[in-house]
Amino acid sequence: MISTQTINTFKTIVGAENVITSSAGRLVYSYDATPNFQSMPEAVIAPRNTAEVAQIVTVCRDKKIPIVPRGSGTNLAAGTVPSEGGIVLLFKHMNNILEIDEENLTVTVQPGVVTLDMIKAVEQKGLFYPPDPSSMKISTMGGNINENSGGLRGL
Ligand SMILES: Cc1cc2nc3c(=O)[nH]c(=O)nc-3n(C[C@H](O)[C@H](O)[C@H](O)COP(=O)(O)OP(=O)(O)OC[C@H]3O[C@@H](n4cnc5c(N)ncnc54)[C@H](O)[C@@H]3O)c2cc1C
């Protein structure tokens, strides 16, 4: 069980408004698009940048608190269900495209970037990003990479 002191540490790192501990708030993050799987997280934490992620991970490592990262929760493998409790790490704030390198054909993104936003951004440069899961209007790059997601354009 996560102590009040540790919850307060999380609030210091990301701001109280980015730590959810209410039952109703946690319930929303106890399941994803996968049928028949549900488990309550002890807290839901939404970091705003990489430094905050690192601090949260350090606290969880020291306290042996499980971490379940979450993009938009559209996966169909119960990947964001916190079956061992702990925290859900929500990447909704980290949704910036940091660099489109046209010479090396690489893109640097934060994990919460919505797939379709990235597709549109590279298309504005005349480039093509093929992976097109049908959830692309809502799914995130972090989720896509972890689930190896794609669609018919990959053919
Ligand atoms: C209607 C619908 C249509 C779909 N169509 C397709 C399709 O055409 N093709 C396809 O491949 N899939 C499809 N899916 C499945 C799903 O959309 C994909 O798996 C998608 O990539 C999940 O993205 P997400 O942002 O919702 O990730 P989430 O569901 O939030 O997370 C997926 C996994 O990634 C991990 N994760 C997320 N962010 C991070 C991070 N920053 N760091 C580390 N781990 C992270 C999570 O812990 C979890 O294990 C569909 C799902 C639905 C509901």
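The values are calculated or read from the model by the stated rules, or taken from the named source; none is laboratory data. Just so it is clear, the structure is predicted and the values come from calculations on it, not from any experiment. Positions of Cβ are backbone-derived with ideal geometry, glycine not excepted, and every protein chain shown enters the neighbour counts. These accessible areas exclude ligands, DNA and RNA; they are computed on the full protein's heavy atoms, side chains included. Shrake-Rupley method; radii C 1.70, N 1.55, O 1.52, S 1.80 Å.
Name the single residue, out of those in region 15-48 being open to solvent by 60 Å² or more (accessible area, probe 1.4 Å) and within 15 Å of the chain's Cα centre (by Cα), that is nearest to Asn95 (Cα to Cα).
Arg48
Which condition from (1) outside any strand (DSSP E or B); (2) more than 14 Å from the ligand (Cβ to nearest atom) is the one that Pro131 breaks?
(2)
If you go through region 60-77, how many residues are outside any strand (DSSP E or B), crowded, with 17+ Cβ neighbours inside 10 Å and not hydroxyl-bearing (Ser, Thr, Tyr)?
Of the residues in that region, 5 qualify.
Suppose the filter is more than 12 Å from the ligand (Cβ to nearest atom), open to solvent by 70 Å² or more (accessible area, probe 1.4 Å), part of a loop (DSSP other than H, G, I, E, B) and not assigned by TED's automatic domain parsing to the domain that holds Val14; does Lys137 pass it?
When the stated conditions are applied, Lys137 does not pass them.
Could you tell me which numbered condition Glu52 fails, if it satisfies all but one of (1) within 15 Å of the ligand (Cβ to nearest atom); (2) crowded, with 16+ Cβ neighbours inside 10 Å; (3) in contact (Cβ under 8 Å) with a residue 40 or more places away in the chain; (4) over 22 Å from Pro133 (Cβ atoms)?
(3)
Might you let me know whether region 58-69 holds any residue that is closer than 14 Å to Asp32 by Cβ, in contact with a Gly (Cβ under 8 Å, 6 or more places away or on another chain) and either modelled with pLDDT under 95 or within 13 Å of the ligand (Cβ to nearest atom) (or both)?
yes
Regarding Gly85, is this residue more than 12 Å from the ligand (Cβ to nearest atom), more than 16 Å from the chain's Cα centre (by Cα), at positive phi and surrounded by fewer than 12 Cβ atoms within 10 Å (Cβ to Cβ)?
No, not satisfied.
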